[in-house]
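Structure first, commentary second.
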Amino acid sequence: MGWRRWAALMVCAAAAACSGEPPPASVAPPRTAETEALQAPGARASSPTLRKVRARGRLNCGVNGTLAGFSAKDDRGLWRGFDVDLCRAVAAAVLGDARLVTYTALDERARFAALQSGAVDLLARNTAWTFSRDTALGVDFVGISFYDSQGFLALRSLNLQSAEDMAGRRICVEAGAQQSTMADFFRARSLSYTPVPAETAAAARLAFERNDCDVLAGDISTLAGARAVLARPGAYSLLPDRAAEAPLGPVVREGDDGWAAVVRWTLNSLILAEEMGITAQSAPQARRESNDPQVRRLLGVEGAYGRLLGLPIDWAYRAINQVGSYGEIFDRHLGPDTPLGLERGRSALWNAPEPGLLYAPPMR
């Protein structure tokens, strides 16, 4: 056999094409900038905060601490809530165990200072993403976990139906940003009212309970939490008017892009899990059996995307398996079957039967 014929046969055998046989069912994806990055030896993220959290063996997470449904201790002294579960998900992704979190209760005045000083690694607390906070405080908002807005809570017996019905009423409100937002709302409508400012949201709620005012103003998340702990929750209703948007989300210190990416993509992984129909219970089976490339990438079966964050390849799987998808977390703490009784609304997935604004970039 001549060398040219031998070489041709070797090429045919390697390509499995000369015999007319179909190509194998599993074909490697084309190489792109993304796949090259995943194979690069230096692809691991460099994050001082990530190194500190690992060395410490615990995540220090700042939370509200007194907001029902979001972050508060239960009757056994255990931390529960929507924001608490975000902290747990980050701990699972970074440390492998959702229990490795130290929670610090922070009020409105102390929250940013605690983050800036390094007292906490992550602020997972009802904190609205605004222009001034994002540009002037040395912090980074890394995503939106809850689409909130400022609203109003009142006794049903007052039969208040709209903003016009609140004209001339006494309104309890937290001093500062909340009071300023409310003032803009009434000024735009040329309506008069009597503000009853309080130093904190908790103080405003207590004043409302004492009947120092007719209406309580605040973010819907705060008002729903306040209503849940009132003596007669069913006697109060949320009015339909919304004074301003308040997108809430996790906050990290500015200047550590690697850590911001870890927290951002942990949140995104919980959202993607709901979109793909993956729950805490179904995640192990999906990881073993799914042929969907998106599912396989999310759960760390292929792609090794964790390397780009400086995390193990199964980082997102650990967060989902130990804490649950975004939908599970919402339903567990905030949904219609909880004391808060909140509908998903704008925090629903973009492709839900009643679409919301919740959306995560693809993992690819």
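Within the range 73-97, the set of residues being of a type in the set (A, V, I, L, M, F, W, C) and surrounded by 15 or more Cβ atoms within 10 Å (Cβ to Cβ) comprises Trp79, Phe82, Val84, Leu86, Cys87, Ala89, Val90, Ala91, Ala92, Ala93, Val94, Leu95. Here Gly356 meets the list (1) assigned by TED's automatic domain parsing to the domain that holds Asp97; (2) surrounded by fewer than 18 Cβ atoms within 10 Å (Cβ to Cβ) almost entirely, failing just condition (1).
Quick one: is Gly65 at pLDDT below 95 and buried (at least 19 other Cβ atoms within 10 Å of the Cβ)?
Values: at pLDDT below 95: yes; buried (at least 19 other Cβ atoms within 10 Å of the Cβ): yes.
Yes.
If the condition is being surrounded by 14 or more Cβ atoms within 10 Å (Cβ to Cβ) and in contact with a strand residue (DSSP E or B) (Cβ under 7 Å, 6 or more places away or on another chain), then the range 225-243 contributes Gly225, Ala226, Arg227, Leu230, Tyr236, Ser237, Leu238, Leu239, Asp241, Arg242, Ala243.
Is it true that some residue in the range 220-235 is within 24 Å of Thr135 (Cα to Cα) and charged (D, E, K, R)? No; the residues of the range 220-235 include none that is within 24 Å of Thr135 (Cα to Cα) and charged (D, E, K, R). Considering only residues in the range 116-144 that are over 18 Å from Ala91 (Cα atoms) and assigned to a loop (DSSP other than H, G, I, E, B), the one that is modelled with the highest pLDDT turns out to be Ile144. Residues in the range 277-295 that are more than 28 Å from Thr49 (Cα to Cα) and surrounded by fewer than 19 Cβ atoms within 10 Å (Cβ to Cβ): 13 in all.
Condition first: among the small types (Gly, Ala, Ser) and free of Cβ contacts under 8 Å to residues at least 24 places away in the same chain. Now tell me which residues in the range 293-309 satisfy that.
Step one: filter the range 293-309 for residues among the small types (Gly, Ala, Ser), giving 300, 303-304, 306.
Result: Gly300, Gly306.
Please specify each residue of the range 145-180 satisfying the condition of being among the charged types (D, E, K, R) and part of a helix (DSSP H, G or I).
Arg156, Glu164, Asp165
Residues in the range 313-341 that are touching a helix residue (DSSP H, G or I) at 6+ places or on another chain (Cβ under 8 Å) and either without any contact (Cβ under 8 Å) to a residue 40 or more places away in the chain or not assigned by TED's automatic domain parsing to the domain that holds Asp74 (or both): Ile313, Asp314, Tyr317, Asp337.
Do we have Phe152 as farther than 22 Å from Ala68 by Cα and hydrophobic (A, V, I, L, M, F, W, C) here?
Numbers: farther than 22 Å from Ala68 by Cα: no; hydrophobic (A, V, I, L, M, F, W, C): yes.
Spelling it out, it is not the case that Phe152 is farther than 22 Å from Ala68 by Cα and hydrophobic (A, V, I, L, M, F, W, C).
The set of residues in the range 241-251 that are aliphatic (A, V, I, L, M) and under 13 Å from the mean Cα position of the chain (by Cα) comprises Leu248, Val251.
The values are calculated or read from the model by the stated rules, or taken from the named source; none is laboratory data. Treat the numbers as computed from the prediction; the structure is a model and nothing was measured. Glycine gets a Cβ as well: all are built from the backbone with ideal geometry, and neighbour counts include every protein chain shown.
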